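All remarks here apply to the structure that follows.
The values are calculated or read from the model by the stated rules, or taken from the named source; none is laboratory data. Keep in mind that this is a model prediction, so the values were computed, not measured. Here the Cβ is made from the backbone with ideal geometry for all residues, glycine too, and neighbour counts use every protein chain on show. These accessible areas exclude ligands, DNA and RNA; they are computed on the full protein's heavy atoms, side chains included. Shrake-Rupley method; radii C 1.70, N 1.55, O 1.52, S 1.80 Å.
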Amino acid sequence: MAAREQMAGCERVVAALRGRDVDRLPLITPTSVATMESMTATGAFFPEAHTDPHKMAALAATGHELLGFDTVAPYFSILLEAAALGCTVDWNPVDAMPAIKNNPLQKWEEWRLPPNFLNRQPIKALLTAISLLKKRYGHRVAVVGKVIGPWTLAYHLCGVQNFLLGLVLEPEAVRDLLGRLVAVPLLLAAAEVEAGADVLTWADHATGDLVSATAYREFLLPLHQRAVKALPADVPVILHTCGRVTDRLGYFTQTGFTAFHFDSRNPPAELLILANGRLTLVGGINNPQTLLNGRVAEVKVEVERLLKAGIRLVAPECAVPLRTPNQNLKAVVQAVRDFSRRQR
């Protein structure tokens, strides 16, 4: 790596995701790093920041302005598409993430993408926030867009239990529904890129905690492969799946996604072997134990452990708990910078 920083933040992030040389290791957040502390600092609070584009952009900007990351990520939850598609969402008070109150889809065969989806308020707010952030930062910072994949959308619209039961009882109905639902993230991804997103996170929770690797291969892998071919080729796409995934990472490498954002429950050394250079690995920091409840020294130790294991894009494993101390997130930034400096 070069002795001095010569790359803009956006350039650095995109290059690292694609496995190219960088001037230093990037500081990346594929999902939300919004905290109560950051809300207080900016005056941009939940629940308004989920749907007000100016507050959304202001809170997302804290990822760079207050914490020092090379990225800003304005989509804090996983429910904007669900809200736009008719789910009743409880946006919850300032100290909690939103939750779905009902699953509206009863007749799966009747679902169609609404023609005005991109103009529905939660989606329009996100696109405006991305545009505001891109205008503010240009190439200095990478703007991370996010879309929710068809599997997770099916959870939201149908209910987790009903959908998983359908895998067994009505597999063809499930396959058909997923094939139609994939239009949602594809449409939104194109709109986010047009608005200014430099990187996309594709969140699809086909986790080992809920479904088998075989189910992923049979139902979702072909859709992910199709989606990657339809996504903008010049924008890196990070697959995000919570939970244990070592039994399906080999399938993830067949999708064509640029990178995989992984949970701390997966051993990094094993993931690197399974990825075999076909997926860039991002993540690995334990959110509840290390970032929420740990001390600065413990955060730095965990970051060092991941870096020494070969993970070059260390990040929180998922959206951080809202009461995470900002000092712990700043410790991630400092630990990565220190490691980069020693590698020169």
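Data table
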{"item": "Cα-based shape type of the range 147-268, given that a ≥ b ≥ c are square roots of the gyration tensor eigenvalues and the cut on a/c is 1.5", "result": "oblate"}
{"item": "Dipole-positive endmost among Pro267, Pro288, Val299 within the range 260-344 (Cβ charges, Cα centre)", "result": "Val299"}
{"item": "³J(HN,Hα) computed for each position of the range 334-340 - Karplus, 6.51 cos²θ - 1.76 cosθ + 1.60, integer Hz, glycine/proline x", "result": "5, 5, 5, 4, 4, 5, 4"}
{"item": "Hypothetical label at Gln327: residues of the range 288-312 whose amide nitrogen lies under 20 Å (7 Å Cα-Cβ projection)", "result": "288-304"}
{"item": "Loop GluC sites (Glu not before Pro), the range 1-62 (other Cβ atoms within 10 Å of the site Cβ: 11 or fewer; DSSP)", "result": "none"}
{"item": "As computed over the range 1-98, the Cα convex hull volume per residue (Å³)", "result": "103"}
{"item": "Three-way shape label, the range 83-171, alpha-carbon gyration tensor, a/c 1.5", "result": "prolate"}
{"item": "The chain - mean residue ellipticity at 222 nm from DSSP helices (-39,500 (n - 2.57) per run, n ≥ 4, rounded to 500)", "result": "-13000 deg cm²/dmol"}
{"item": "Alpha-carbon centroid distance for the pair the range 196-261 / the range 308-344, whole angstrom", "result": "23"}
{"item": "Average accessible area per residue (Å²) across the chain - probe 1.4 Å, nucleic acids and ligands excluded", "result": "40"}
{"item": "Trypsin sites (Lys or Arg not before Pro) lying in DSSP loop within the range 34-136, provided at most 16 other Cβ fall within 10 Å", "result": "Lys101, Lys107, Arg112, Arg120"}
{"item": "Reachable lysines from Lys330, criterion Cα separation under 20 angstrom, eight or more residues apart if same chain", "result": "Lys300, Lys308"}
{"item": "Cα gyration tensor category, rounded, prolate or oblate, for the range 258-344 with a/c compared to 1.5", "result": "oblate"}
{"item": "About the Cα centre, charge dipole magnitude for the range 55-150 (Lys/Arg +1, Asp/Glu -1 at Cβ), debye", "result": "360"}
{"item": "Positive dipole terminus of the chain, leading residue within Pro122, Pro30, Ala183 (C-beta point charges)", "result": "Pro30"}
{"item": "Within the chain, percent of DSSP bridges classed antiparallel, to nearest 5", "result": "10"}
{"item": "Which listed pairs, of Lys124/Lys229; Lys55/Lys134; Lys146/Lys229, have C-alpha distances above 19 Å, in listed order", "result": "Lys124/Lys229"}
{"item": "C-alpha center-to-center spacing [the range 1-58, the range 93-153] in angstrom", "result": "18"}
